[in-house]
Amino acid sequence: MLRHVEGLVGPQSDDMRLDAYVATLPDCPSRSACARLIQSGSVTINDTLATSKSERVLLGDRVVVCWDAIESDSMSRLVPNSQIPLDIRFEDDYLIVLSKQAGLVCHPSPGHETDTLANALVAHCGYDRLGKLQGEDRLGIVHRLDRDTSGLMVAAKDDDTQRALQDLIRLRVLDRRYLTLVHGYVAPDEGTITTGIARSSRDRTRMTVTDDPGAREAITTFRTLERFEAGSRDDGYTLLECHLFTGRTHQIRVHMRHIAHPVVGDPIYGYRAKRGRGECRNLGLERQFLHSWRIAFDHPVDGVHIELTDTLPSDLLDVMNGIASMSMGRTKAGVEVLGNPVGP
């Protein structure tokens with residue numbers, strides 16, 4: 001069965017990638033499937049065949065998609081990948097809480113078609129036993145963690161549970177807390193950062209704090225857990241617990257950069273290596289020091305309170321052990337979260 005969809009690019013879609021724009025059109029498949037449609041010659045822009053999924057659409061462009069729906073449905077199905085280990089901390093008939101390893105992408109994207117968390121969830125649960133509200137290529141995904149962010153996250157096994165969990169996030173009652181090591185001395189013991197966040201107009205891979213009317217509100221609170229003295233080649237460090245009240249892309253990383261305390265090891269918003277100094281200041285980390293350490297919520301079906309914590313993975317723990325001698329002491333919140341430091 002052939003399908004034919006047309007779209008006229010409006011102001012909100014100006015300069016959007018073609019594959020992303022096509023995926024927003026009614027009845028079109030997932031973004032990854034749309035990319036394959038473009039590559040197969042099923043998409044035109046102003047009656048000219050589109051050949052690149054990364055091409056940018058412009059205001060007023062007329063985009064036409066014509067494809068075989070049956071073939072597209074088979075293209076959209078996620079490929080199960082049982083080779084990706086899942087560190088499951090809680091599971092029942094409705095949801096899964098797992099600890100995602102650093103380096104694992106949550107759902108398919110260009111360059112990551114079969115090696116994502118979504119592919120692993122399909123292998124574990126089956127295609128028809130995962131929530132589909134986020135799309136056919138994001139089965140079960142309730143909220144994302146960046147590829148190099150580790151720690152706890154939730155997946156849903158059906159649409160009703162997925163919707164209920166997303167409502168908990170929207171109502172700000174699904175409690176998500178992160179540990180992050182940032183550059184510099186953070187003076188306040190606690191604080192709240194409230195800004196607008198939008199995609200940067202100069203670099204579409206980055207997000208930025210902005211007052212633009214199109215920006216989405218982002219709220220992060222933090223508690224200072226432990227401070228570390230400055231050395232000869234750094235400005236010191238501070239370990240924070242961040243609490244997300246919204247879930248914007250790169251939110252904690254952008255907010256930390258905004259208050260001039262970028263996350264250690266962050267390749268996008270942090271300090272880059274210059275003549276060895278950046279590597280030294282980043283304590284040898286090759287990814288951002290950001291870990292989802294605690295998640296708490298009431299089960300959307302039976303109402304039982306679920307609260308889980310996750311210790312730092314070995315690479316981040318090694319960093320903390322490496323700077324332990326520079327500690328200026330833990331705050332009250334630091335003792336609450338981390339316990340009393342072990343004496344010499």
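For the range 179-200, what are the residues that are surrounded by fewer than 16 Cβ atoms within 10 Å (Cβ to Cβ) and within 16 Å of I323 (Cα to Cα)? Within the range 179-200, none qualify.
Taking each residue of the range 3-15 that is surrounded by 14 or more Cβ atoms within 10 Å (Cβ to Cβ) and looking for partners that are outside any strand (DSSP E or B) and among the aromatic types (F, W, Y) with beta-carbon atoms closer than 8 Å, six or more apart or interchain, yields G7/Y21; V9/Y21; S13/Y21. The range 222-341 holds helices (runs of 4 or more DSSP H) entirely within its bounds, and those carrying 3 or more residues that are within 26 Å of L174 (Cβ to Cβ) and in contact (Cβ under 8 Å) with a residue 12 or more places away in the chain map to 251-258, 332-338.
Scanning the range 203-221 for residues that are of a type in the set (S, T, Y), buried (at least 18 other Cβ atoms within 10 Å of the Cβ) and within 19 Å of R170 (Cβ to Cβ) returns a single hit, T220. Report whether or not L244 is more than 17 Å from the chain's Cα centre (by Cα) and not small (G, A, S). Criteria not met by L244. Does V64 qualify as being touching a residue at least 60 places away in the same chain (Cβ under 8 Å) and either touching a Leu at 6+ places or on another chain (Cβ under 8 Å) or in a strand (DSSP E or B) (or both)? Criteria met by V64. Has the range 137-148 got at least one residue that is touching a residue at least 12 places away in the same chain (Cβ under 8 Å), over 15 Å from the mean Cα position of the chain (by Cα), over 21 Å from P313 (Cβ atoms) and buried (at least 16 other Cβ atoms within 10 Å of the Cβ)? Yes - at least one qualifying residue is present in the range 137-148.
Residues that are touching a strand residue (DSSP E or B) at 6+ places or on another chain (Cβ under 6 Å) and at pLDDT 95 or above do occur in the range 263-278, at least one of them. Inclusion of A69 among residues that are modelled with pLDDT under 90 and outside the structural domain of H250 (by TED's automatic domain parsing) is warranted.
Conditions (1) assigned by TED's automatic domain parsing to the domain that holds Q162; (2) surrounded by fewer than 17 Cβ atoms within 10 Å (Cβ to Cβ); (3) in contact with a helix residue (DSSP H, G or I) (Cβ under 6 Å, 6 or more places away or on another chain); (4) not small (G, A, S), marked per residue:
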| position | (1), (2), (3), (4) |
| --- | --- |
| T238 | no, no, no, yes |
| S292 | no, no, no, no |
| D302 | no, yes, no, yes |
| S314 | no, yes, no, no |
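Answer yes if at least one residue in the range 269-284 is within 20 Å of the chain's Cα centre (by Cα), among the charged types (D, E, K, R) and crowded, with 18+ Cβ neighbours inside 10 Å, and no otherwise. No; the residues of the range 269-284 include none that is within 20 Å of the chain's Cα centre (by Cα), among the charged types (D, E, K, R) and crowded, with 18+ Cβ neighbours inside 10 Å.
Do we find a residue being in a loop (DSSP other than H, G, I, E, B), surrounded by fewer than 14 Cβ atoms within 10 Å (Cβ to Cβ) and outside the structural domain of Q162 (by TED's automatic domain parsing) anywhere in the range 32-42? Yes, the conditions are met somewhere in the range 32-42.
Against the test of being buried (at least 21 other Cβ atoms within 10 Å of the Cβ) and under 30 Å from L338 (Cα atoms), the options V154, V122, V173 yield a single qualifying residue, V154. Considering L95, L58, L78, the condition of being modelled with pLDDT under 90 and among the hydrophobic types (A, V, I, L, M, F, W, C) is satisfied by L78 alone.
The values are calculated or read from the model by the stated rules, or taken from the named source; none is laboratory data. Model, not experiment: these values are computed from the prediction. Please note: Cβ atoms are built from the backbone with ideal geometry, for glycine as well, and neighbour counts cover all protein chains shown.
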